[in-house]
1. From the list Lys419, Lys366, pick out the single residue that is out of contact with any Ser or Thr (no Cβ under 8 Å at 6 or more places or on another chain) and within 21 Å of Asn95 (Cβ to Cβ).
2. Using beta carbons and a limit of 7 Å, which pairs, at least six apart or on different chains, have the first residue in region 79-92 and in contact (Cβ under 8 Å) with a residue 12 or more places away in the chain and closer than 15 Å to Gly39 by Cα and the second one among the basic types (Lys, Arg) and surrounded by 11 or more Cβ atoms within 10 Å (Cβ to Cβ)?
3. Kindly indicate the residue of region 96-136 that is part of a helix (DSSP H, G or I) and among the polar types (S, T, N, Q) and also nearest to Ser49 (Cα to Cα) among those meeting that condition.
4. Kindly indicate whether Arg340 is charged (D, E, K, R) and out of contact with any strand residue (DSSP E or B) (no Cβ under 6 Å at 6 or more places or on another chain).
5. Within the bounds of region 381-401, is there any residue that is crowded, with 16+ Cβ neighbours inside 10 Å, among the polar types (S, T, N, Q) and on the phi < 0 side of the Ramachandran plot?
6. Within region 406-419, take every residue that is over 13 Å from Ile363 (Cα atoms) and among the aliphatic types (A, V, I, L, M) and give me the one that is nearest to the chain's Cα centre (by Cα).
7. Going through Ile117, Ile90, Ile85 one at a time, which residue ends up being more than 26 Å from Ile189 (Cα to Cα) and within 22 Å of the chain's Cα centre (by Cα)?
8. Being within 20 Å of the chain's Cα centre (by Cα) and more than 23 Å from Ile320 (Cα to Cα) is true for just one of Ile399, Ile422, Ile432. Which residue is that?
Amino acid sequence: MANHISISQKLSSFNKKIYVSSDKSISIRSVLLASQAVGISKISNLLESEDVLNTLKTIKKLGINYEKRGNIYYIEGFGLNGFNIKKKTILNAGNSGTLARLILGLLVKSKTQVKLIGDKSLSKRDFSRVIKPLRMFGANLKSKNNMLPITILGTNYLRPVKYKENIGSAQVKTCIIFSALNTPGITEIYSKSSRNHTELMLKFLNYPIKVIKKPEYEKIIVEGLKQFKSFDYSVPGDISSASFFIVLTLLSNNSKLVIEKVNVNKSRIGIIYILNKMGAEIKLKNKKIYNGEETADIYVKSKNNLNAINCPSKLNSSAIDEFLIIFLVAAKAKGVSKFRDLGEMNKKESKRLDLAVKFLKLIGIKVERFKDNIKIYGDPNLILSKNFEMKNFLKDHRIFFLCCITALTLGGKWKINDKDSINTSFPEFLKILKKIGAKFS
């Protein structure tokens with residue numbers, strides 16, 4: 001079967017209600033925490049993407065059994081450090097940086113050496129940001145150039161740490177928190193603000209974790225070696241997946257969309273703040289709190305007159321996965337949009353900041369870049385009519401999504417390769433596009 005799609009027709013107006021796939025970040029964390037709980041946890045509405053399925057395969061290799069019945073995954077945990085690890089165990093994280101970095105945090109007490117590998121893309125990413133704190137705890141890690149493959153051997157003599165996390169990476173923060181679970185005493189993390197699903201889930205589990213918010217950072221205090229019971233959890237919709245449909249509606253003509261039951265955690269909805277600053281009128285309705293996480297229905301409608309933005313860098317961490325699609329809105333906005341300090345985009349599945357600049361120039365938008373800052377010169381009259389074939393910088397699911405939304409809102413004839421990349425995070429993406437009325441082959 002061909003691994004590409006062709007789009008040659010813009011989307012006509014629509015008025016729909018949809019659900020998007022479950023939150024990937026929460027799905028991965030819920031599986032890993034269930035593996036450390038005492039008893040059988042029940043997780044419903046789990047995202048069945050490659051990254052999450054690799055997480056399930058990983059805990060199984062570490063001796064944790066699970067089964068799926070209906071829409072519920074039953075995961076049997078044996079408490080902290082309850083893994084039963086065989087000799088010469090190799091874990092394959094695939095494309096998931098979240099899984100790779102988080103599982104290392106749960107292996108700091110392993111008596112057996114474990115080797116962690118990943119796919120070609122993940123093997124090019126920097127792991128020094130987690131290797132350093134894990135060594136501070138006392139774990140023994142070996143890696144060439146701070147990249148995969150990594151071998152880790154834990155220790156019974158873990159020591160609590162005080163660590164400054166200056167990047168704003170939830171993966172790094174969570175890796176340290178997971179390490180602290182198995183460590184006697186009090187671990188303190190001084191962290192730049194980033195998504196806080198791990199902290200909320202541990203609070204939901206009544207784990208002794210404390211978060212003190214300061215103007216410039218958060219102080220997270222974790223008390224180690226406290227067992228927690230199994231739990232029931234239903235995973236809400238993913239704001240990152242919803243973002244592509246938000247922009248699809250915004251840039252289409254005479255259209256309205258409701259995206260139901262989406263996780264709208266304040267550390268994740270930077271895209272909504274940014275787009276509303278640009279003149280969108282995105283509204284959150286039916287807000288509810290579920291196990292510490294806030295969910296809502298997202299209401300969005302078309303907007304013809306969008307304005308450029310001088311984007312506050314304090315919003316970066318809450319929109320880091322959505323900047324690709326935000327840049328497309330900036331390309332259609334009136335004026336020059338400015339974005340700063342976006343180096344973290346190049347630490348993702350691909351060098352997204354580099355590729356964003358290349359993509360915007362490809363569709364005829366003037367872009368200026370200086371290091372990690374870019375200016376996008378918007379063109380409100382932008383309409384595409386040329387032929388485009390996307391093949392040289394894909395294999396990144398979010399770039400595939402970006403190309404589809406561009407084709408359906410701006411026009412042109414598109415051949416978009418690496419369709420299978422959607423399985424990483426959002427296998428239902430094309431089905432939902434068809435439900436809204438998109439035509440592709």
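1. Unique residue meeting the criteria: Lys419.
2. Matching pairs, first to second residue: Asn81/Lys109.
3. By that ranking, first place goes to Thr98.
4. In short, no.
5. no
6. Only one residue fits best here, namely Ile416.
7. Residue meeting the stated conditions: Ile117.
8. Unique residue meeting the criteria: Ile432.
Readers should treat all values here as calculations from the given coordinates under stated rules, not as data from a laboratory. Just so it is clear, the model here is predicted, and its values are computed rather than measured. With ideal geometry, Cβ positions are generated from the backbone for all residues, glycine too; neighbour counts draw on all protein chains shown.
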